[in-house]
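Structure first, then comments.
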Amino acid sequence: MPTHDSGATRLDALIIGAGFAGIYQLHCLRDRLGLQARVLEAGGDLGGTWYWNRYPGARCDSESHAYRYFFSRELSDEWQSTERYPGPAEIRAYLGHVATKFDLRRDMQFDTRVTAAHYDAVENLWRVDTARGEKFSATFLITAVGCISAANVPDIPGLKDFRGQWFHTGEWPHEGVDFRGKRVGQIGTGSTGIQAAPVIAETAGHLTVFQRTANYSVPARNAPLTAEFQRWVKDNFEQIRAVAQTTVNGHAFRISERRVADVSPAEREALYQEAWDYGGLQFRGTFLDLLTDRAANSTAAEFIKARIRAVVKDPATAEDLADIDHPYSAKRPPIDSNYFETFNRPNVALVNLRRDPIERITPTGIKTRSGEHPLDIIVFATGFDAMTGTLFKIDIRGRAGRSLRDYWRGGPRTYLGLQMPDFPNLFTITGPGSPSVLTNMPVAIEQHVEWITDCIAHLRKNGIRTIEPAEASVHSWGEHVEECARATLLYDAKHSWYFGANVQGKPQVFMPYSGGLHRYRKLCAEIAAKGYEGFAFDRTQPASLPVRAAEFAGAAAAPGV
Ligand code: N01
């Protein structure tokens, strides 16, 4: 049982967030290391991203046989996905199954938003406050808050006077929104907007899509899974896991070794067509050099632009949709179900904001330079204050009151995306500077959770009081993250959220690690094997908690328990 000190519930470890990351971290710390651990979650249930993102058309872009945990074969065998890409309800059901199987809910607390976490150096404890006025203290604090969870509603003048309804896709009402017969305006054409528009258009009286940056998209080709495929997934668990854990992006497919210049133009078109017909994010894997060579990339870009022009019947609309200003995949590439086809519907219109920018929101619609668009509902598919926004919602303070906001004033600075100096025993799952958003997230999450678990086991076994990186490690890791980004075309799309460019005033720093999950995984393992090279330990006192017998039983065996 947790103990209490001066009104605070005392735990060994506190985990913030009950998505993929928090759920598995709780299992590892509680059931493998025997710690008193608890998850605090702002939402009313588990699910993380999938608790909040219930907008029309929401669906995972990773395929269901890879968008799952791989730490337990038994768990995988028990679960049957029904579609090629799982929707939010199926993902929540899956996570609910995991929580039930490992009896995790008893250590999860919902409707509990963490507001502050301050490090107490004397006691070596993180002191945590919640919006409900509860207090906790814990030796280890692990953030599992997701990378794209802080909704970004742009500061467009007039919104507060709008007399219709408005919603952000990332905070969608659980009861749904009735679009029937309504005039709907959707701002944003990223992965979310591209999923939402076709579904909204099916029932709305009229849909106007406000596009600031035209975007590539490849058909998802979602479909129910056949019994044969479901069998194949079960029979090939080890193989699927091996691929996901050794590829650059954590998906269960490999990137081709072939370069664009290795094939004739006719062969190239045939390969693109094959990938287009197959659908999904694999399109990126058609050639090795799509993300590193501009000329190679432009062949994929032109292929997609030609498909857009072929699908969209109105030539002016087709031109606006195909007028894409960045290399293919330099921003997160969406996949869709009938996105471009939607613009052939009589009840759908596109407004090109580059030519006709929004001036303000009026009480009755959106006013662009050329005139007013009367609306009943505005849908903001405008993305997130990614990677740092959710952490900044918590007042995190380390040694001597140093605030994370101050430390990251010029952009996030971490070692491996996992830790910061002066924030001892604080771990950030899929934090900035880690592969995170450039991967199939559950695979990156498992790697982080297992690394953190092994690290905590190491600290406790060796009587180490605290761990935090040296400032020099943060500096050199930051340089490496930047150098990796510069080596790719990701660096050419300066207006992407990978740089924080979508949020006004946010420092423009490339945030995720683009060196590949496979390399990153190896590097993290080597650093741990070298006694946590680049980190500093405090051994001045024994760890404040007794070592328990169960502690080392599971950690070394992960993954694959
Ligand atoms: O957000 P985005 P998203 N005026 O930032 C536009 C993940 N995801 O929610 O490009 C007008 O990509 C903005 O325009 P611009 C995935 O990682 C995962 O779509 O900045 N427009 C852009 O068009 C994804 O990348 C799944 O010029 C404004 C759009 O809004 C991430 O979530 C499914 C504007 C925002 O696009 C975020 O995607 C869906 C303004 N003031 C999403 N401000 C999965 O499969 C912004 N925009 C797991």
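Every read-out reported here was derived from the displayed coordinates using simple, explicitly stated rules and does not represent laboratory data. Keep in mind that this is a model prediction, so the values were computed, not measured. So basically every Cβ, Gly included, is an ideal-geometry build from the backbone, and we count neighbours across all protein chains shown.
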Charges at C-beta only: +1 for Lys and Arg, -1 for Asp and Glu. How large is the resulting dipole of the chain about its Cα centre, in Debye rounded to 20?
600 debye
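So between residue 302 and residue 354, what do we pick up on full extension, going 0.36 nm a residue minus the alpha carbon distance? Intermediate results must be reported in sequence, preceding the final value.
Numbers: separation 52, 0.36 × 52 = 18.72 nm, distance 2.09 nm.
Gain on stretching residue 302 to residue 354: 16.6 nm.
From the square roots a ≥ b ≥ c of the eigenvalues of the alpha-carbon gyration tensor of the range 119-237, which class results: rounded (a/c under 1.5), prolate (a/b over b/c), or oblate?
Details: a/c = 2.52, a/b = 1.27, b/c = 1.98.
Note, shape of the range 119-237 comes out oblate.
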Around residue 466, which amide H atoms from residues at least 5 apart in sequence, or from another chain, sit under 5 Å from its own amide H, with H modelled in the peptide plane?
538
Output ³J(HN,Hα) for the range 341-354: one whole-Hz value per residue in order, computed from phi by the Karplus curve 6.51 cos²θ - 1.76 cosθ + 1.60 with θ = phi - 60°, and x for Gly and Pro.
4, 4, 6, 8, 6, x, 9, 10, 9, 10, 10, 8, 6, 5
Using modelled amide H (1.01 Å from N, peptide plane; none on Pro or chain starts), what sits under 5 Å from the amide H of residue 135, excluding residues fewer than 5 places away?
9
Figure the gain on full extension for residue 118 and residue 267 (residue separation times 0.36 nm, minus the Cα-Cα span) and round it to one decimal in nm.
47.7 nm
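Please report the antiparallel percentage of DSSP beta bridges with both residues in the chain, rounded to the nearest 5. Don't jump to the answer; show the numbers that get you there.
Details: 30 of 69 bridges.
Antiparallel bridges make up about 45 percent of those DSSP assigns within the chain.
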Quick check: the angle from helix 517-529's long axis to the longest principal axis of the chain, C-alpha only, nearest 10 degrees?
10 degrees
In whole percent, the Cα-Cα distances of the range 393-550 spread across 10 Å bins from 0 upward as 10, 38, 35, 13, 3, 0
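Under the 0.36 nm per residue contour assumption, what length would be gained going from the current alpha-carbon distance of residue 313 and residue 103 to full extension?
On the way: separation 210, 0.36 × 210 = 75.60 nm, distance 5.39 nm.
70.2 nm is the gain from fully extending residue 313 to residue 103.
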What translational diffusion coefficient, in µm²/s and rounded to a whole number, does the Stokes-Einstein relation yield for the chain at 4 °C and a viscosity of 1.567 mPa s, taking the hydrodynamic radius as the Kirkwood radius over Cα pairs?
53 µm²/s
Angle in degrees between helix 441-461 and the longest Cα principal axis of the chain, rounded to the nearest 10:
10 degrees
Among 404, 303, 415, which residue has its Cα positioned farthest towards the positive end of the charge dipole of the chain, with +1 placed on the Cβ of Lys and Arg, -1 on the Cβ of Asp and Glu, and the dipole taken about the Cα centre?
404
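Which shape class applies to the range 280-366: rounded if a/c is under 1.5, otherwise prolate when a/b exceeds b/c and oblate if not, where a ≥ b ≥ c are the square roots of the Cα gyration tensor eigenvalues? List each step's numbers first, then the result.
Details: a/c = 2.31, a/b = 1.78, b/c = 1.30.
Prolate shape, in that a/c is at least 1.5 and a/b is the bigger ratio.
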For the range 154-253, with the dipole built from +1 on Lys and Arg beta-carbon atoms and -1 on Asp and Glu ones, taken about the Cα centre, which of 251, 206, 222 lies farthest toward the positive end?
206
For the range 40-115, shape from the Cα gyration tensor axes a ≥ b ≥ c, cut at a/c of 1.5 then a/b versus b/c, turns out oblate
Show me, for the range 27-37, the HN-Hα J-couplings you get by feeding each phi into the Karplus relation (A = 6.51, B = -1.76, C = 1.60, θ = phi - 60°), rounded to Hz, glycine and proline as x.
4, 5, 6, 7, 8, 9, 9, x, 7, 7, 10
Between 0 and 90 degrees, rounded to the nearest ten: what's the tilt of helix 294-311 against the longest Cα principal axis of the chain?
50 degrees
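Using only helices, what value at 222 nm comes out for the chain when you add -39,500 (n - 2.57) per DSSP H run of length 4 or more and divide by the total residues, to the nearest 500 deg cm²/dmol? Walk me through the numbers on the way to the answer.
Working: 16 runs with 165 residues, N = 561.
Only helices count here, giving -8500 deg cm²/dmol.
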Highest mean first, what order results for 355-367, 60-72 on Cβ atoms within 10 Å?
60-72, 355-367
Per-residue Cβ contact counts at 10 Å, fewest first, order 209, 98 as 98, 209
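Assign unit charges at the C-beta atoms only (+1 for Lys and Arg, -1 for Asp and Glu), then state the dipole size of the range 432-549 relative to its Cα centre in Debye, rounded to the nearest 20. Working shown, then result.
Working: 12 positive and 12 negative charges, 61 e Å.
The calculated dipole for the range 432-549 is roughly 300 debye.
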Using per-residue counts of other Cβ atoms within 10 Å, averaged over each peptide, order 12-21, 479-488 from highest down.
12-21, 479-488
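What dipole magnitude, in Debye to the nearest 20, does the range 64-119 give about its Cα centre under +1 on Lys/Arg Cβ and -1 on Asp/Glu Cβ?
Value, rounded to 20: 140 debye.
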